[in-house]
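Working notes for the structure below.
Every number in this text was worked out from the coordinates using simple rules, so none of it is lab data. These numbers come from a predicted model, not from an experiment. Quick reminder, even Gly has a Cβ in these numbers, built from the backbone with ideal geometry, and neighbours come from all protein chains shown.
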Amino acid sequence: MAITKLPPNYQLPSPLTCAICSVDLTLDKATAGLFDADNHQAFACVSHFSEVEKLLLGWADFTDRERREYLNRDQEPDNLTYGGDNAWLDT
Amino acid sequence: MHGLIREEHSFGANPGSKDLARHLYTRMACGKVVIVAANPASLLASLRKQWLKLARKVSRERASTLNAVHIYELNEAVTRMLTLRFTTKWPQDDYPADVYIVTMEQLLRWAPECRTLYVTCDVGREQLYLATAWMPRSSLIVFCKLS
């Protein structure tokens with residue numbers, strides 16, 4: 001099992017693809033990971049948890065893509081370092 | 001729990017802190033993390049062991065690649081992993097850690113504002129509603145009962 005519930009009116013990207021292997025995903029095979037450069041939730045296949053090398057290199061490729069996106073916009077890659085907006089409300 | 005993303009995992013036949021560490025790896029840059037456990041001290045010990053094992057795997061992966069992008073990103077990841085602070089102390093105002101492992105009773109006294117909440121033990125529905133009251137919208141709650 002994987003994602004079983006989303007917030008009401010939550011805008012899922014269409015099509016929903018894995019941030020690691022780019023295949024089309026369904027929510028029952030998805031896990032929520034990092035936030036992308038647009039501050040949207042990125043999803044990945046649950047199966048990657050069992051193949052650790054792919055998980056590590058896949059997230060490395062994803063963060064690299066998002067880091068470049070930030071650099072193209074002349075922004076700091078905050079989402080990749082500290083989390084998105086409101087991530088540190090309590091400090 | 002109304003505005004949260006809910007995820008449920010069985011993590012294979014023998015769910016344990018190894019799977020939790022791998023999931024945490026994908027969420028370590030998403031702000032504070034809280035893990036609800038029946039016995040925080042024992043989970044902290046096993047999770048920390050698995051976390052350091054995973055950090056060594058990341059280091060090995062970094063050492064074995066010639067891809068400059070992978071070297072940079074894995075280096076960033078392992079630096080983040082090794083500076084992540086774990087604690088079983090609560091409330092969080094006094095303990096500026098990154099990952100809190102606490103019991104549900106502790107959470108009920110001080111609801112967290114974290115972006116990721118792992119629930120590894122049985123908790124009541126009404127307790128969960130109270131504990132997640134201050135979590136920002138679209139935060140993640142993961143149910144993963146550990147063996």
### Summary
dims of the range A:27-76, Cα set, principal axes, largest to smallest, nearest Å -> 36, 23, 10
### Query
In angstroms, what radius of gyration and Dmax does the protein assembly as shown have, counting Cα atoms only?
16.8, 51
### Task
Place a +1 charge on the Cβ of each Lys and Arg in the range A:27-76 and a -1 charge on the Cβ of each Asp and Glu, then give the dipole magnitude about the Cα centre in debye, rounded to the nearest 20.
80
### Inter-site label distance for B:Arg125 and A:Tyr10 at 7 Å from Cα along Cβ, in nm
1.9
### Residues with amide H under 5 Å from that of A:Thr17, placed H, sequence gap 5 or more
A:Leu25
#### Entry: Global form of chain B, assessed from the alpha-carbon gyration tensor, a/c cut-off 1.5
prolate
### Message
For chain B, take the longest principal axis of its alpha carbons; what is the angle in degrees between that and the long axis of helix B:17-27, to the nearest 10 within 0 to 90?
### Response
80
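May I ask you to derive the FRET efficiency for A:Thr26 and B:Asp94 from their Cβ-Cβ distance with R0 = 30 Å, giving the value to the nearest 0.05?
Numbers: r = 43 Å, r/R0 = 1.42.
Once the sixth-power term is evaluated, E becomes 0.10.
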### Task
Place a +1 charge on the Cβ of each Lys and Arg in the protein assembly as shown and a -1 charge on the Cβ of each Asp and Glu, then give the dipole magnitude about the Cα centre in debye, rounded to the nearest 20.
780
### Query
Where in the range A:1-44 does the label zone of A:Asn72 land, with the point 7 angstrom along Cα→C-beta and an amide N cut-off under 13 Å?
A:37-38
## Note on the structure
Exposed-loop cut sites defined as trypsin sites (Lys or Arg not before Pro) in DSSP loop states with at most 12 other Cβ within 10 angstrom; longest site-free run of chain B spans B:1-84
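Please order B:Glu105, B:Glu113 by the number of other Cβ within 10 Å, starting at the fewest.
Least to most surrounded, the residues fall as B:Glu105, B:Glu113.
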### Message
How tilted is helix B:68-83 with respect to the longest principal axis of chain B? Cα atoms for both, answer in degrees (0 to 90, nearest 10).
### Response
40
### Task
Please give the length that would be gained between B:Ala41 and B:Ser64 if that part of the chain were fully extended, namely 0.36 nm times their separation in residues minus their C-alpha to C-alpha distance (nm, one decimal).
4.8 nm
### Task
Quick one: how many lysine pairs does the protein assembly as shown have with C-alpha atoms less than 21 Å apart and a gap of 8 or more or different chains? Give me the count, please.
19
### Farthest positive-ward along the protein assembly as shown dipole, Cα basis, beta-carbon charges - from A:Ile20, B:His9, B:Ser139
B:His9
### Message
What is the angle, in °, between the Cα long axis of helix B:40-64 and the longest principal axis of the Cα atoms in chain B? Nearest 10 is fine, range 0 to 90.
### Response
20
